[in-house]
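What follows draws every value from the coordinates through simple rules; no lab data is involved. Please read all numbers here as calculations on a predicted model, not as lab measurements. Glycine also receives a Cβ, built like all others from the backbone with ideal geometry; neighbour counts cover every protein chain displayed.
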Amino acid sequence: MLLKTERLHIRHITENDWQSVKEIWEDFNLSQYAQYDRPHNTDEAYVRDRMEMWAKANSGMEHMFFAVCLHDTVIGYIAFNIRNNGHEIGYCFHSNYHGKGYAKESHRALFKYLKSLGITRFSAGTAINNLPSVNLLKSLGFKQVEEEKVSFYKDSEGNDIVFDGGIFELILD
């Protein structure tokens, strides 16, 4: 275990987390917000390979992947990937644990931890229509700094399905 909050344990992702992440991705793919993200491949071999890659990446600070656990259950994950001016965050939590403050609690703990390592600048992108994600980012202190047109899917005629995305930034002081 890396961090402990009031209700959660946060640790680095391991290769053994593949099944939990597969379930989280399968759950996400069924949500109304899946249209605003790259499709999550839930093929077992793919997820196993991805978790192996994530686990190996955790040896440095360029790419960091954390499992968020309630007791012994992985309920979500948070990723930090270095970009031009800081780290871009990505996150996904199983819908059974939405609306309970777990994402906010775990992000706050990780920001405090990363700040102790000298990492203070973060960015995130999400669909403007993904109100739970937008509200989470704002509650964490992120400010929207940009809007962009984004597409991950095509319609039946091969045309991009475009939505409005927001770029959010947080600088810890």
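The local environment of residue 98, defined by Cβ-Cβ distances under 14 Å, has a net charge of 0 under the rule Lys, Arg +1 and Asp, Glu -1. Legend: distances between Cα atoms for 104/143; 4/138; 100/138; 115/143; 22/138; 112/138; pairs beyond 21 Å are 4/138; 22/138.
The calculated Kirkwood hydrodynamic radius for segment 1-75 is 13.2 Å, given to one decimal from all distinct C-alpha pairs.
Here the Karplus curve 6.51 cos²θ - 1.76 cosθ + 1.60, taken at θ = phi - 60°, turns the phi angles of segment 59-64 into couplings of 6, x, 10, 6, 9, 10 Hz, with x standing for Gly and Pro.
For segment 3-171, the direction-averaged projected area of the alpha-carbon convex hull comes to 10.1 nm².
Counting only aspartates and glutamates at least 8 places from residue 149 when in the same chain, those with an alpha carbon closer than 16 Å to its own are 37, 160, 164.
Please get the size of the charge dipole for segment 3-171, origin at its Cα centre, with Cβ charges of +1 on Lys and Arg and -1 on Asp and Glu, quoted in debye to the nearest 20. Walk me through the intermediate numbers first.
Details: 19 positive and 23 negative charges, 185 e Å.
My answer is approximately 880 debye.
Within the listed set 107, 98, 71, the Gaussian network model of the chain (springs between alpha-carbon atoms below 10 Å) gives the highest mean-square fluctuation for 71.
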